[in-house]
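Working notes for the structure below.
Nothing in this text is a laboratory measurement; each read-out follows from the coordinates by a stated rule. Since we're looking at a predicted model, the values are computed, not measured. Glycine gets a Cβ as well: all are built from the backbone with ideal geometry, and neighbour counts include every protein chain shown.
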Amino acid sequence: MKKPVVRTCIACRQAKEKKDMLRIVRDKDGNIKLDFTGKASGRGAYICDNPECIKKCVKNKLIGRALDANVSDEVYEYIATEYAKSKN
């Protein structure tokens, strides 16, 4: 039996199974997006599938630090919007 893959949330710092988290990815061109499949190529960061963690991530601009990139406010708005759409 395989061990579950565990990742740490960039907002709350809790370790959880990868399948229970959202992946944010920076591709080779520097574009940042939500990766709902968890398989997109590029540098990834994980965040809990939880509205509080999304808010904390956006408020504290944690994506830029995790992905070692300059992230504009538009990207944070996009992440919050896409997350909200995925829940509807």
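Look at 1, 21 and count the other Cβ atoms within 10 Å of each Cβ; fewest to most, that gives 1, 21.
What the phi angles of the stretch 71-77 give under the Karplus curve with 6.51, -1.76 and 1.60, with θ = phi - 60°, is a coupling list of 10, 7, 4, 4, 5, 5, 5 Hz, glycine and proline written as x.
Where both bridge residues fall in the stretch 6-87, DSSP classifies roughly 95% of the beta bridges as antiparallel. Across the stretch 26-39, coupling constants 3J(HN,Hα) worked out from phi with the 6.51/-1.76/1.60 Karplus curve, θ = phi - 60°, read 10, 7, 5, 8, x, 6, 10, 8, 7, 10, 6, 7, x, 10 Hz, and Gly and Pro carry x. Each of the peptides 68-74, 34-40, 47-53 was scored by the mean count of other Cβ atoms within 10 Å over its residues; in descending order, highest first, they stand as 47-53, 34-40, 68-74.
Entry note, the chain: the mean residue ellipticity at 222 nm calculated from DSSP H runs of n ≥ 4, each adding -39500 (n - 2.57), is -10000 deg cm²/dmol after division by the residues and rounding to the nearest 500.
Each Lys and Arg Cβ is given +1 and each Asp and Glu Cβ -1; about its Cα centre, the chain then shows a dipole of about 460 debye. Report the local net charge at residue 48: Lys and Arg +1, Asp and Glu -1, summed over other residues whose C-beta lies under 9 Å from its C-beta. Around residue 48, the charge tally is -2.
Amide H contacts under 5 Å for residue 35: 23, 24, 25, restricted to partners 5 or more places along the chain or on a different chain, H placed in the peptide plane at 1.01 Å from N.
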